[in-house]
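What follows is one structure encoded as structure tokens, with my remarks underneath.
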Amino acid sequence: MRSLPGTPRALGLAAALVAAALAGPAAAQRAGDGGDAAAAGAGAAPLRGSLGVPVAERLLSSSDPEARLRGIERLGAIATEEATSALLAALEQGSPAARDPRARLAAVRALAPHVRRDGVRQLLTRELSEGGAPARSAASPLAGVLRGTAALALARSGDRRALSALVNAIVQGGAAGEAAARALRAYPPGSLQLLLGSRKRLEPALVRFLGELGDLRAIGVLRPMLDRGDRAAQVAAARALSRLGDEAALAKARAWLRKPDPRLLEATAEILVHLGAKEAPDAVAALLGAEPARLSGLRLAELAPSERLVPALARAIPLLPEDARPRAVAALGRAGGAEAARQLRRILEERPELATAAAFALATLPGAEARAAVGEMIEGPRAARDAGLLRLGLRAGVVRALALRDAPEALPARLLAALAAPRGSADRAVAVFGAVALGLRGPVEVLGACSPAACDRAAVHAAARGALARGEGALAALAPLFAALVAPGGPDGAPDAAAISAGVALLAEPRGGAVATSRLAALAEAGGPLSPLAARALAARDDDVIRGRIERLLEGSDPVVRAHVALGLGHDPRPDSVSLLARAYRFEHDAAVRRAIVRGLSRRAEVQRRRVLLAARDLDPDDGVRALARAALAGRALDPPRAALATGVVWIAIVPNDPSAAASASSRPARLVRPDGLAVPVVADPDGVLLVPGVPPGASSVLLAPAARPGDSGS
């Protein structure tokens, strides 16, 4: 059989050229070996033009921002020297890409592996120092992410010149200095000499950073500074050494204590506190008694509680700014001891504006004296004639039972007796909350017959919050009531306050239970306290009909809702939902949302998740995001935060700005975001108090909704 001239040769050459285009320049050169170099070069050029750097450059010159982003990401994926040079050229100041924070963030991520190149290092240094400059992206919420990512890329490289740029930023201070310090704590240098360079004098900002870094190798550098240089350098070195736990600073602090200098009082006290010196409480007490340094004394009293601080704290409370006084009352409680309990009792009697803070401090203060003080609020002679004090005492008793397991003996009986108070009253609400939170009654049992038409709504609010202390079984028991309350909605289709309270059932039923998908979508899009949990449930039910609504929620303006959508997508049955999470991460500026996205990705098996998790692990400015990404890459499925039992309790008293509008605090809906990011819908008692148990340790935030409609607090 005779073949046509040249046919086998032509087919072989075409196959070789396709392989060369996919494999890169080296493969293209091999394809041309054996006398076909001219033909290979002629064929490779158009393939390279359609698949390589020139196409990315054409995308970068587009007027479409999305096209420019594709060009940047293409060059980053190619990652050759030619592609890196093209990317640097595209980011020259004044170019369209240089004016777009999203494009610059994508470029910083793409260039991070190439920090040793001068041009890349210079660009990242510019982003670190100018990322938030008015002429560039001060108005962009991505400014902080951009600056932090550039700093991490520089620190991660370990390059001497990159580390020098970070040190210069620390010395200059400001947002760039803070980003540089965070980056170096995340990626400490292999040698301190890389940080210090040839500096003959260490600036105070750099000395302070060495103390925060926690690297004990810095002790040898800092000790000589205690006895040379000016006083400012000595103080900075002593503070840094105390943070490192080095007692060389102790002698210096004691010397300053013997010859008091008002300018050194704060530094001396701080050094003594960090080193746990026996003189620390006296030094802090001196700060609390000095007008200019009183707030610094309060900060150190919170950092290092001591019974010896009780008298000084009690004297300082009326002298502090009004907004700092509740902090001082809390510090008094943490100081501990019988004298602290006696001082808190005095505050209860003499300073009604601080009564709630004092009651909470007594509720969390161990000891018989504090327990007796709470018991007196419940059974004492004043409680019999002061309903407000009795409610305060019952709440303090419940908090003490939850936090310390040390409630007054009379508490259960007084709670059950108070259940007979009139429906809709603050007294009955407190009793319902306590009975459910302590397990004396179940949430459904205490509510009795309850329907959208007739229900003691104040009791619903209290029972729902009490169920938070009992775990998912108690929360799930409220699911039928929630489904019934949200099914009809109000006159305008919005849920009333009772439905908002019963919405805690969604904590136990992440997919929404028996609530219709259309109703979940309406709740998610309506905003308000129920929106985050409804959005999480909606995302977990993803299908073609609701995909568009899920995408809009994921791109919405409320970061708490965006985070809950991401948590729900982790359980989405559709495999392409991983692409939604990956796209959402790219330019998300809120760290809490990025944490939720990583949690969602940890539950996905699709290969697309890996690139995002690697970027999050290496270059995300948030410590929590990086830690979660490391766990996800190690194979852990990071379940969304659940309604687990916890001993933390949040106690909030809603006080209206206008005293004549006190009714506006009654049954006020709110959204409490726990430290783990989970949003809890809650409604205040009729007297404007929010007591929310089952909260993990950390900082929570509360967003109040508009005042409840008339009638929501009644039956």
Selection within the stretch 257-306 - exposed (fewer than 15 other Cβ atoms within 10 Å of the Cβ) and under 17 Å from SER242 (Cα atoms): GLY276, LYS278, LEU303
Residue in the stretch 675-702 that is surrounded by the most Cβ atoms within 10 Å (Cβ to Cβ), counting only those that are in a loop (DSSP other than H, G, I, E, B) and touching a Ser or Thr at 6+ places or on another chain (Cβ under 7 Å): ALA684
Test result for SER557, in a loop (DSSP other than H, G, I, E, B) and of a type in the set (Ser, Thr, Tyr): yes
Every pair of residues 6+ apart whose Cβ atoms lie under 6 Å, when the first sits in the stretch 504-518 and is more than 24 Å from ALA684 (Cα to Cα) while the second is modelled with pLDDT of 95 or more and outside any helix (DSSP H, G or I): THR517/ARG541
Hits in the stretch 438-470 (condition: over 22 Å from LEU520 (Cβ atoms) and either among the acidic types (Asp, Glu) or surrounded by fewer than 17 Cβ atoms within 10 Å (Cβ to Cβ) (or both)): GLY439, VAL444, GLU445, GLY448, ALA449, ALA453, ALA454, ASP456
Single residue of ALA103, ALA86, ALA56, ALA98 found to be at pLDDT 90 or above, touching a Gly at 6+ places or on another chain (Cβ under 8 Å), surrounded by 14 or more Cβ atoms within 10 Å (Cβ to Cβ) and of a type outside the set (Ser, Thr, Tyr): ALA56
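When the stretch 244-259 is examined, which residues are found to be without any contact (Cβ under 8 Å) to a residue 12 or more places away in the chain and either assigned to a loop (DSSP other than H, G, I, E, B) or closer than 20 Å to LEU298 by Cβ (or both)? Can you show your working first?
Restricting attention to the stretch 244-259, the residues satisfying the condition of being without any contact (Cβ under 8 Å) to a residue 12 or more places away in the chain are 251, 255, 258-259.
Result: LYS259, single match.
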Segments classed as helices (runs of 4 or more DSSP H), wholly inside the stretch 178-223, with at least 1 members that are farther than 20 Å from ALA153 by Cα: 204-213, 219-222
Test for ALA186: is it assigned by TED's automatic domain parsing to the domain that holds LEU146 and in contact (Cβ under 8 Å) with a residue 60 or more places away in the chain: yes
ALA426 vs. criteria buried (at least 24 other Cβ atoms within 10 Å of the Cβ) and under 34 Å from the mean Cα position of the chain (by Cα): no
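Yes or no, residue by residue, for (1) surrounded by 17 or more Cβ atoms within 10 Å (Cβ to Cβ); (2) in contact with a Leu (Cβ under 8 Å, 6 or more places away or on another chain):
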residue	(1), (2)
ALA479	yes, no
ALA497	yes, no
GLY513	no, yes
GLY527	no, no
ARG547	no, no
VAL565	yes, yes
GLY568	yes, yes
HIS571	yes, no
ASP576	no, no
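Yes/no per residue for (1) of a type in the set (Asp, Glu); (2) at pLDDT below 95; (3) in contact with a helix residue (DSSP H, G or I) (Cβ under 8 Å, 6 or more places away or on another chain); (4) not assigned by TED's automatic domain parsing to the domain that holds THR364:
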residue: TRP256; (1), (2), (3), (4): no, yes, yes, yes
residue: LEU272; (1), (2), (3), (4): no, no, yes, yes
residue: VAL284; (1), (2), (3), (4): no, no, yes, yes
residue: GLU291; (1), (2), (3), (4): yes, yes, yes, yes
residue: GLU302; (1), (2), (3), (4): yes, no, yes, yes
residue: LEU309; (1), (2), (3), (4): no, no, yes, yes
residue: LEU319; (1), (2), (3), (4): no, no, yes, yes
residue: VAL329; (1), (2), (3), (4): no, no, yes, yes
Helices (runs of 4 or more DSSP H) within the stretch 432-509 that include 1 or more residues under 32 Å from the mean Cα position of the chain (by Cα) and more than 21 Å from LEU704 (Cβ to Cβ): 443-447, 457-467, 472-476, 479-486, 505-508
Flag if ARG423 is at pLDDT below 95 and among the charged types (D, E, K, R): yes
Sole exception among (1) touching a residue at least 12 places away in the same chain (Cβ under 8 Å); (2) more than 30 Å from the chain's Cα centre (by Cα); (3) within 30 Å of ALA143 (Cβ to Cβ) for GLY214, by number: (2)
Residue check, ARG315 surrounded by fewer than 19 Cβ atoms within 10 Å (Cβ to Cβ), touching a Pro at 6+ places or on another chain (Cβ under 8 Å) and at pLDDT 95 or above: no
Residues located in the stretch 507-531, provided they are within 10 Å of ALA483 (Cα to Cα) and among the hydrophobic types (A, V, I, L, M, F, W, C): ALA514, VAL515, ALA516
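The values are calculated or read from the model by the stated rules, or taken from the named source; none is laboratory data. Fair warning: this is a prediction, and the values are worked out from it, not measured in the lab. Heads up, the Cβs are rebuilt from the backbone with ideal geometry, glycines too, and the neighbour counts pull from every protein chain shown.
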